[in-house]
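The values are calculated or read from the model by the stated rules, or taken from the named source; none is laboratory data. The shown structure was predicted, so the numbers you read here are calculated from the model rather than taken from an experiment. FYI the Cβ positions are ideal-geometry reconstructions off the backbone, even for glycines, and counts take in every protein chain you see.
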Amino acid sequence: MAGLVSGLGAATADAVYGSIAGFGITFLSSFLVEEQGWIRLVGGAFLIYLGLKIWRSRPRDSDAAPRSRGLAGDYASTFALTLSNPLTIISFAAIFAGLGLAGASGDYADALALVLGVFSGSALWWVFLSTGVGAFKGRLQSGGMRWVNRVSGAVIATFGVAALISLAI
């Protein structure tokens, strides 16, 4: 359940960016484009920090009770993380601009369909992901989870490094 609720936080953040593009909120779109350097710097540094933290974390004992912020905390933290991810911001800007979807027509029904499609697609991905992880829960031993943490941490940190390198390009 925590994975699904976390995914809904990510899907909501994706819908926020879809709304910015779909409804043509040019002030906010312009701000995101103009300030993308700072967004990449802060977001990239945070992703590197998060990746290193995950890399170094030890898998918890399967008998230990999980630390929980509650479902609302899971939702809010994933929402904030996705919203601050510089790759998400730049990807949405590039995709919508490339497809000519950035609020050009002024048709609110089309914009709403776009936002609902972004949210639904993202939420469906998280349903599949959390269901798949739930199916394998308990099948990975500590050693396997340690490698999952290392690979996940390395991938997240790599995205952070890529965001910082993109500042120089």
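Return a yes/no flag: does the stretch 149-162 have any residue that is modelled with pLDDT under 80 and more than 16 Å from Ala11 (Cβ to Cβ). No, the stretch 149-162 has no match at all.
Of the residues making up the stretch 94-109, those that are part of a helix (DSSP H, G or I) and at pLDDT below 65 are Ala97, Gly98.
Go through the stretch 123-148 and give me each residue that's at pLDDT below 80 and either aromatic (Phe, Trp, Tyr) or in a loop (DSSP other than H, G, I, E, B) (or both). Matches in the stretch 123-148: Phe136, Lys137, Gly138, Arg139, Leu140, Gln141. Can you find a residue that is touching a helix residue (DSSP H, G or I) at 6+ places or on another chain (Cβ under 7 Å) and modelled with pLDDT under 85 anywhere in the stretch 112-122? The answer is yes, given that some residue of the stretch 112-122 is touching a helix residue (DSSP H, G or I) at 6+ places or on another chain (Cβ under 7 Å) and modelled with pLDDT under 85.
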